[in-house]
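All of the numbers you see were taken from the coordinates with simple rules; none came from a lab. This structure is a prediction, so every number in the text was calculated from the model and none was measured. Neighbour counts are summed over all protein chains in view; Cβ atoms, including those assigned to glycine, are modelled from backbone coordinates with ideal geometry.
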Amino acid sequence: MTAALETRDLSVRFGGLKAVDGISVTVEDGRVLGVIGPNGAGKSTFINLITGQIRPTRGKVLVAGRDLTGAKPWKIAAARVARTFQINKPFRGLSVRDNVAIGAMFGAPGGGSVAKARGVADEVLERLGLSGVAELGPTELSVAHAQRLEVAKALALRPRVLFLDEAMAGLRPAEMEPQLELIRELRREGLAIVVVEHVMRAIRSVCDTVLVMQEGRELLTGPPDEVLADERVITAYLGQRYAERQRAERAEAGGSGPAVADQVGPRPEGETRAPG
């Protein structure tokens, strides 16, 4: 069976800096890949290489078996690959409804009238709980609604592969759960999803596999619980001294130490987030 998404030795160099170095992943339909790592690890650059914002120096990008390495973003979108951005990028002069309708008009399979596109937009907005703000401008939205608008724009393209780049950023725990449930629903519907996150609760809750990046390279790939408890990952996030101290404390106590999900950046609201 052909994978929804595959990268082979994907790499990009900016002068002497290897921003992404030899990343190979496979994401099947109905599976969720989490991508984590310290700030500057190359996570968003990795997404940009796949979705056409940056051309790779080396490697391959395959979507449903089709080689789309270095293709323009609109060609990637036409292949039913959609994404959100860390920094929300709505069309500020348009309503929430028309922001979503643009994706329905110009995404795969593309075309259609304005009325038809707005009909699709209405369906997506209802699903994401945004019908009540459909006629507002993007600048009038709360943080939670602005994040969901970003997801709605992507879903209007009717993707097979969906990239969520820090879609939980700025959300309180109560606002996070609807976003997590949406990811679970989309996975059940067969979408291949790549989640780039610092919120470890989200990674543990929805991901089948986690890729840890450090300095542009793969540090570790595996099931969430194993990855988040791995000492190499703890060191990457919290530093060598912390990892050594935890190792010594574990030896004294005769037990196991905390995972990254228990230790990275606890916030007052109860979520767990990496530094930065």
Assuming a ≥ b ≥ c are the square roots of the Cα gyration tensor eigenvalues, decide whether segment 68-212 counts as rounded (a/c under 1.5), prolate (otherwise, with a/b larger than b/c) or oblate. oblate
Working from Cα positions, state the angle (0 to 90°, nearest 10) between the long axis of helix 96-106 and the longest principal axis of the chain. 80 degrees
Kindly write out, for segment 169-185 in residue order, the coupling ³J(HN,Hα) from the Karplus curve 6.51 cos²θ - 1.76 cosθ + 1.60 (θ = phi - 60°), rounded to whole Hz, with x marking Gly and Pro. 4, x, 8, 7, x, 5, 7, 6, 4, x, 5, 5, 5, 4, 4, 4, 4
Dividing the mean separation of Cα pairs under 8 Å (6+ apart) by the residue count of the chain yields a relative contact order in percent of 23 percent
In degrees between 0 and 90, to the nearest 10, how far off the longest principal axis of the chain does helix 114-127 point, with axes built from Cα atoms? 40 degrees
In degrees, nearest ten, helix 143-155 long axis to first principal axis of the chain (Cα): 70 degrees
How much mean residue ellipticity at 222 nm does the chain get from its helices, if each DSSP H run of length 4 or more adds -39500 (n - 2.57) and you divide by all residues, to the nearest 500 deg cm²/dmol? -11500 deg cm²/dmol
The longest stretch of the chain containing none of the GluC sites (Glu not before Pro) that sit in a DSSP loop with at most 14 other Cβ atoms within 10 Å is 1-134
Please list, or write none, the lysines whose alpha carbon is within less than 20 Å of the alpha carbon of residue 75, excluding same-chain residues fewer than 8 places away. 60, 89, 153
Could you tell me whether segment 1-89 comes out rounded, prolate or oblate from its Cα gyration tensor? Rule is a ≥ b ≥ c as square roots of the eigenvalues, rounded for a/c under 1.5, then prolate if a/b exceeds b/c, otherwise oblate. rounded
The distance between the Cα centres of segment 115-176 and segment 77-100, in whole Å, is 9 Å
